[in-house]
Amino acid sequence: MLMKEQKLKVSDETLGSLINDIHKGDIRIPRFQREYVWKMKDTLKLFDSMYEEYPIGTIFLWDMPSQYNHMLREIADLSQPPIEKHKQYKVILDGQQRLTSLYAVVNTLKIGSTDFGRVVVDLDTETETYFKDRQPDDLRFVSVKNLLSQMPFSIIKNLNEEQQFKFESIRDVLLKYPIPVVTVNADNIRDAVKIFERINQRGKRLTRYDLICASVWSDDFNLRERVSHDIVSKFSSVFGKIPEARIPQALALITRDSAEERHQFALEVEQVISVWDKTVKGFQLAIDLVRENLGVARSDFLPYDAFLPVLTKYFSEIGLQGISSHEQRRQLEYWYWRSTFSQRYSSATDTRMTEDAQWLRQLIIENTPFRQLQVDNLDLPDTYMSRTSAIARGILCILNLQQPRHFTSKAKVNLNTDHFSKFTSAERHHIFPAAFLSKGGYKWYQTRSLANFCFIPADLNKKISNRAPSDYMTEIRDGYESQDEFKRVMSTHLIPVGEDSGIWTDDYELFLQQRARLLLYEIKRRCGIGSRINTEDQDSVVNRLEVALRNKIHETLHVQTSEYWSQHIPTHTHDNLHRKIEQEARKAPGNSANRLDSPRIKLDYCDVTDYADIILSKSNWDLFQGDFGSKGECNRNFGDLREYRNALKHNRDMSNIVSLRGEAAIEWLSHPLNVDLSEYGIKSPE
């Protein structure tokens, strides 16, 4: 019968034996341990506990193979012998602060600004505290070093009888005090970590990240410092808290196509150095993507921060350039939204990241779409706002993408103010105020339904206070010049304000169901689910939208100058349209050149590409931004509309994906153009 190798050795060590092993250098402090941070009061309390024979906790050591000696730290203050390359040492997994304090006191060391030679025993104390911080005199105040020395007779002879008794009793207790030590026997760092992660540490728990940073350390490259300097300090000011532990996952994905723990621990310093610049740049592009295109105003909006290493891997694969195609951008967005609302990353995160990195390779090579995931089972009325909820954070992203406007000033809501730092606060961001609902008998948690949340600035929050929604919304609505404008502003929050809205009757349950439908529709749209326009209506919808686009361009540019064709139409667009008009004139001689010179009529010869070129041009965007909001969103929706229109006008088979994108683009564009398409099944959120 095979005997299982013993992984743990448990023993009681004395203070003297441990101090001696540290002095000889047999016990070492690894790089993954943090700096010594105990204060003098902590050390005095430790010695008092030992004298009172209270437990001071178990010391955990790892009998570390010499292959990991590069993880050891030379600490000049401890005056240990130099580290030998092939010698096997014991390293401190847990107990660094305690052992360092004991060693420093017994050896009267000075660490930083703390002089541990001042730790003395007060032989005449009138309290229960014997150990104090003061200059020793070896009469009343005896240094611990002299207390525990092998030849203490020169001290004892100068003490009175009572002092001698206290001296010998304290010395005896400290020398015989049993310090429990558990030594871990593991041949590799992964096995040591598994044991280590189960240790109930007294201080701040060390993490896998700490151990990986130590594992890939060299004199020329310190991963922890590089992460702090190149990523955390660089991006945190604009994005918020950067999850350090995601960097080793990104490195493993880039170098080994896997984020699994074993691949993170297999990282080698030379390998990390070779891809470091690529990783930093890829991480930056990942942050830019989620901020600019996926509604992540800052890091606490991100449904799963594990998305960042996956996106870093993608950008490293495509050469650290912008997303290479419209199709890849769309598929990345589907991946983001489907993973969020299916809560795909709620468990087995390393495995999910590895699977998705493999899919990314197929996306890049073959445009392989991301698979559909279940999001239909979301119960938004009974889902509550929580900082830890991926669904809640996903809703924040979706609401941010709507370009939310202030209810009264109509200015874009600034989400970077302190007011929006705590979305779970009971008194903030509720359409039906918590105080109002409390009067109606609702529990506090019921007021925090996701369907009751929107971005309400501080000044507006004070104005709403605890008023009934029908009261404050009527007042806000009456302040608008037109009902259409009021509805447009409310649509940027996906708030239902039609005649049947529960807002006007203060019906909270009805309102939650109505708003949940709008949110769920938007979720499905982002995930690429659903289709609504009947086949026979598609041509009419596109025609109506194009007329609205031409009118919007003409009205906006004509205000600037009646000669806007020469000043505001991009040169290549102008030349292409001029050729089209000349060809049309030759086909229909009855059309006079003067009539075709009309600025508005000339726009009738534009196609979707021309609309996008005119609106998004550098010289014109400032004129249109107030209506269209996001340049990235605008560009993407024009691209989707173009694919939809081309398939329709040329009688091509229209795939479900093209149909979904086209309908989403039509709805998105209908808002700034103020086009009512409800008769075709496109009912803009009210």
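The values are calculated or read from the model by the stated rules, or taken from the named source; none is laboratory data. Just so we're clear, the structure is a prediction, and the values are computed from it rather than from any experiment. Cβ sites come from the backbone with ideal geometry, for glycine too, and all protein chains shown count toward neighbours. Keep in mind that these areas ignore ligands, DNA and RNA; they rest on the heavy atoms of the full protein, side chains included. Shrake-Rupley method; radii C 1.70, N 1.55, O 1.52, S 1.80 Å.
Among the residues of segment 617-639, those identified as modelled with pLDDT under 85 and not basic (Lys, Arg) are 629, 630, 632, 633. Of the helices (runs of 4 or more DSSP H) lying entirely inside segment 447-535, those carrying at least 3 residues that are open to solvent by less than 20 Å² (accessible area, probe 1.4 Å) and at pLDDT below 90 are 508-527.
What number of residues in segment 536-547 are of a type in the set (Asp, Glu) and open to solvent by 50 Å² or more (accessible area, probe 1.4 Å)?
So in segment 536-547, the residues of a type in the set (Asp, Glu) come out as 536-537, 539, 546.
Going one step further and asking which of them are open to solvent by 50 Å² or more (accessible area, probe 1.4 Å), we end up with 536, 539.
Counting residues in segment 536-547 that are of a type in the set (Asp, Glu) and open to solvent by 50 Å² or more (accessible area, probe 1.4 Å) gives 2.
Any residue that is under 19 Å from residue 527 (Cα atoms) and assigned to a helix (DSSP H, G or I) - is there at least one of those in segment 612-627? No.
So, in segment 218-245, exactly how many residues are open to solvent by 50 Å² or more (accessible area, probe 1.4 Å) and either over 27 Å from residue 301 (Cβ atoms) or not acidic (Asp, Glu) (or both)? Before you say what the answer is, go through the steps one by one.
Start the filter on segment 218-245 by keeping residues that are open to solvent by 50 Å² or more (accessible area, probe 1.4 Å), which leaves 219-220, 224-226, 228-229, 233-234, 237-238, 241, 244-245.
Restricting the remaining residues to those that are either over 27 Å from residue 301 (Cβ atoms) or not acidic (Asp, Glu) (or both) gives 219-220, 224-226, 228-229, 233-234, 237-238, 241, 245.
Within segment 218-245, residues that are open to solvent by 50 Å² or more (accessible area, probe 1.4 Å) and either over 27 Å from residue 301 (Cβ atoms) or not acidic (Asp, Glu) (or both) number 13.
Of the helices (runs of 4 or more DSSP H) lying entirely inside segment 263-373, those carrying at least 2 residues that are more than 18 Å from the chain's Cα centre (by Cα), among the aliphatic types (A, V, I, L, M) and crowded, with 18+ Cβ neighbours inside 10 Å are 349-366. Among residues of segment 250-262 being closer than 14 Å to residue 311 by Cα and not in a loop (DSSP other than H, G, I, E, B), the one that is most open to solvent (accessible area, probe 1.4 Å) is 254.
Exactly one residue among 100, 108, 14, 58 is hydroxyl-bearing (Ser, Thr, Tyr), open to solvent by less than 30 Å² (accessible area, probe 1.4 Å) and under 24 Å from residue 129 (Cα atoms), and that residue is 100.
Residue pairs whose Cβ atoms lie under 6 Å apart, separated by 6 or more positions or on different chains, with the first residue in segment 339-352 and on the phi > 0 side of the Ramachandran plot and at pLDDT 90 or above and the second in a helix (DSSP H, G or I) and open to solvent by less than 40 Å² (accessible area, probe 1.4 Å), are 343/390. Residue 40 passes every criterion in (1) modelled with pLDDT under 85; (2) within 40 Å of the chain's Cα centre (by Cα) apart from (1).
Which members of segment 64-76 meet the condition of being free of Cβ contacts under 8 Å to residues at least 12 places away in the same chain and either outside any helix (DSSP H, G or I) or of a type in the set (Asp, Glu) (or both)? Of everything in segment 64-76, just one residue is free of Cβ contacts under 8 Å to residues at least 12 places away in the same chain and either outside any helix (DSSP H, G or I) or of a type in the set (Asp, Glu) (or both), namely 74. When only residues in segment 122-137 that are farther than 10 Å from residue 44 by Cα and surrounded by 16 or more Cβ atoms within 10 Å (Cβ to Cβ) count, which is farthest from the chain's Cα centre (by Cα)? Restricting to residues being farther than 10 Å from residue 44 by Cα and surrounded by 16 or more Cβ atoms within 10 Å (Cβ to Cβ), the top hit is 123. With respect to the conditions (1) over 19 Å from residue 16 (Cα atoms); (2) open to solvent by 30 Å² or more (accessible area, probe 1.4 Å), residue 184 lacks only one, and its number is (2). Here's a check for you: in segment 141-161, which residue that is free of Cβ contacts under 8 Å to residues at least 24 places away in the same chain and open to solvent by 50 Å² or more (accessible area, probe 1.4 Å) is farthest from residue 109 (Cα to Cα)? Selected residue: 161. Residues in segment 548-561 include none that are open to solvent by 40 Å² or more (accessible area, probe 1.4 Å), part of a helix (DSSP H, G or I) and over 24 Å from residue 621 (Cα atoms).
So for segment 641-657 (the condition being within 28 Å of residue 410 (Cα to Cα), free of Cβ contacts under 8 Å to residues at least 40 places away in the same chain and more than 32 Å from the chain's Cα centre (by Cα)), does at least one residue qualify? Within segment 641-657, none of the residues are within 28 Å of residue 410 (Cα to Cα), free of Cβ contacts under 8 Å to residues at least 40 places away in the same chain and more than 32 Å from the chain's Cα centre (by Cα).
In segment 1-19, the residues that are modelled with pLDDT under 75 never reach a residue that is β-branched (Val, Ile, Thr) and open to solvent by 100 Å² or more (accessible area, probe 1.4 Å) with C-beta atoms less than 6 angstrom apart, at least six apart or across chains. In this structure, residue 181 does not satisfy being part of a helix (DSSP H, G or I), of a type in the set (Val, Ile, Thr) and at pLDDT 90 or above. Exactly one residue among 143, 113 is under 50 Å from the mean Cα position of the chain (by Cα) and within 18 Å of residue 41 (Cα to Cα), and that residue is 113. For beta carbons closer than 9 Å, sequence separation of 6+ or different chains, a first residue in segment 265-292 that is free of Cβ contacts under 8 Å to residues at least 40 places away in the same chain and a second that is open to solvent by 40 Å² or more (accessible area, probe 1.4 Å) and small (Gly, Ala, Ser), the qualifying pairs are 285/322. For segment 647-666, the candidate set comprises residues that are surrounded by fewer than 16 Cβ atoms within 10 Å (Cβ to Cβ) and farther than 19 Å from residue 526 by Cα; within that set, the residue that is modelled with the lowest pLDDT is 653. Listed by first and then second residue, the pairs with beta-carbon distance under 8 Å, at least 6 apart or on different chains, first residue in segment 123-140 and on the phi < 0 side of the Ramachandran plot, second among the polar types (S, T, N, Q) and assigned to a loop (DSSP other than H, G, I, E, B), are 132/125; 139/158.
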